[in-house]
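Working notes, structure below.
The numbers here are math on the coordinates, done by the rules we state, and not lab data. On a predicted model such as this, the values are computed, not experimentally measured, just so you know. Note that we place each Cβ from the backbone using ideal geometry, even for glycine, and neighbour counts take in every protein chain shown.
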């Protein structure tokens, strides 16, 4: 029975790749991890942080500037990942979904932030922080913002 479940899980995991479009596209989907930076979320300017020393200097500067900031920042393995962020304006109850592709022709990680309107009238700034696999030296990151389906369907 375990073999059956293991086989089913394996087939479920590889099915998107087996059924994938076999075109000459240079785009490949990759994994992404959304990161909660706690109170640091709104204090760190969105950018690419790819070394431990860069991350440590930003955290130290923030802790010196904001003496009330006693929260320990998350530990990140910069040997395996890059921390990157972007921001967007949306209604205050919006939700977001994300998609990441690698364009091997232009050497670009493309992170698409999809906003789902939540029905609120007020606007808010949302910071989006991600861990992505370590970038090869010649690669860059591009953010694209799109509107997705609303969270709720309101009748007129």
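Data table
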{"quantity": "Residue within the range 123-135 that is over 20 Å from residue 32 (Cβ atoms) and surrounded by 14 or more Cβ atoms within 10 Å (Cβ to Cβ) present", "calculated": "no"}
{"quantity": "Among the candidates 50, 77, residue that is within 18 Å of the chain's Cα centre (by Cα) and without any contact (Cβ under 8 Å) to a residue 24 or more places away in the chain", "calculated": "77"}
